[in-house]
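Working notes, structure below.
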Amino acid sequence: MKKVITYGTFDLFHYGHRRLLERAKELGDYLIVGITADDFDKSRGKINVRQSLMERVAAVKETGLADEIVIEEYEGQKIDDIKRYQVDIFTVGSDWKGKFDYLNEYCKVVYLDRTEGVSSTEIRSESPLKIGLVGSAGFLDKVVRECAYVNDLEIEGVYTDEGISSALQSLPLVTRNYRGLLDKVDAVYIFSYPGLHYEEIRTALACGKHVLCESLFAMTRAECEELIHLAEEKGLVLMSAVKTAYSIAYWRLILLVKSGIIGNVISVDSTCTSLDEIENGRTDYKNSWNSITKWGSTALLPVFQILGTDYKECRITSKLLDNRYDTFTKIDFVYQNAVASIKVGRGVKSEGELIISGTKGYIYVPAPWWKTDYFEVRYENPADNRRYFYQLEGEGIRYEFLSFSKAVKKGTVMSNINDVFNKAVCDIVEQFNRQENFNRI
């Protein structure tokens, strides 16, 4: 029996994919189809894949052409698969001609002519999502660079009161008229001062625009709930942009915790600090993001996603420059069967690590944990410890924009952060602003 193997992403399965599989099948008696895993695609910079792995596997199965399907998860797997399955012929489209000649050492390599006039890239690019940027010019430069990796969207313009960099100047529209920007786009990404978010989101939703907002939707729970309700009423996507939530490493960490790998979770300790703006004696901090708005959503992410938002007690301790700006804040939570604490600061520096403690072991994520590409599961016996490595590109920015674009295209929120989390974070910020359950140091 002559075995043939081919590989592909098979995103948005189309006629060209089917023709490739039909011609591969004709080369032998048994066809093995390798489908690239989401993580492997992302590690190669191919983050514009529209469908999940399971959707792509189902599409290939439905053709009835594959005798066997394998998942490609790592570099060098092709050689391992050829040896494992005793493959006679490796085949792939002619657009890869010469790329896999090295496999001739293990089997025959055949390049098949590509079906002209159709490709997944072209399908994905037919109607790109037009996005407008709102807020702090410095960070938006990074957003422009990262969005270049996502071919499902276009940055159409920017609305900001700050000085404009050359990267932003190159956009089709640069304006200080917010509604003027909204008239030109399908959606907005908001990275402005948090006190402005509520009005900016409400205005965008009222104009029928989808919204991806950094950190907080609003400064109170009631305002947050109002915005969520308005988005639902208008059939629009309102998503929170906490980059860490879109990191492969972080999401795998959460899944491992919920699988019981460290037993029952008893404690979550999360620290996020930076010395990036505020200095002693400065008086222009009143229009800056304070520590709780800058870092609160990120620090609270593992606490609320692991232990939930139904805590019994919450105690906030802050070092304040006035009654609003905290250079450092520590929040302690008591749950029915667990505890948690977060530390955030823009005027105090600490080790930015994440520790999740359980009845069987613990997970340690080194600083800066919110940009993690590595973490360890540790046990009483060090010989049982396991290390996990995942490549992180662009701090997660490109991945959150990809998720946002997918959500808009499908007409349903697919965020890694749900509305329960968004409301709970706004509630904590509201408690801070009202100085409820509060200690000042």
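The numbers here are math on the coordinates, done by the rules we state, and not lab data. Not measured: the values here are computed from a predicted model. Virtual Cβ from ideal backbone geometry, glycine too; neighbours counted across all protein chains shown.
Structure values in brief
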| read-out | value |
| --- | --- |
| At R0 = 30 Å, FRET efficiency that the Cβ-Cβ distance of Trp96 and Ser127 yields, to 0.05 | 0.60 |
| Two-site FRET efficiency, Ile79 against Lys142, from Cβ-Cβ distance with R₀ of 45 Å, rounded to 0.05 | 0.75 |
| Potential lengthening between Leu65 and Cys314 on full extension [0.36 nm per residue; Cα-Cα distance subtracted] | 83.9 nm |
| FRET efficiency, 1/(1 + (r/R0)^6) with R0 25 Å, evaluated for Ala58 and Lys108 via beta carbons | 0.25 |
| Selected from Ala383, Ala24, Ala338 as most flexible by GNM, with the chain as the system and alpha-carbon contacts under 10 Å | Ala383 |
| At 1.567 mPa s and 4 °C, Stokes diffusion of region 298-441 via Kirkwood alpha-carbon radius, µm² per second | 74 |
| Lone cysteines, the chain (no partner Cβ under 4.7 Å) | Cys107, Cys147, Cys207, Cys213, Cys272, Cys314 |
| For region 126-242, convex hull of alpha carbons as volume per residue, Å³ | 96 |
| For the chain, average projected area of the Cα convex hull in nm² | 24.4 |
| GNM top mover of Ile428, Ile82, Ile201 - the chain, alpha-carbon springs below 10 Å | Ile82 |
| Low-density loop cleavage sites - GluC sites (Glu not before Pro) in region 125-194, where at most 11 other Cβ are within 10 Å (DSSP) | Glu126 |
| Estimated [θ] at 222 nm from DSSP helical runs (n ≥ 4, -39500 (n - 2.57)) normalised by residues in the chain, nearest 500 | -9500 deg cm²/dmol |
| Cα gyration tensor category, rounded, prolate or oblate, for region 188-250 with a/c compared to 1.5 | prolate |
| GNM top mover of Asp186, Asp326, Asp384 - the chain, alpha-carbon springs below 10 Å | Asp384 |
| Mean Cβ neighbour count within 10 Å, used as a protection proxy, ranking 99-108, 4-13 highest first | 4-13, 99-108 |
| The chain: relative contact order as a whole-number percent, Cα under 8 Å and 6+ apart | 14 |
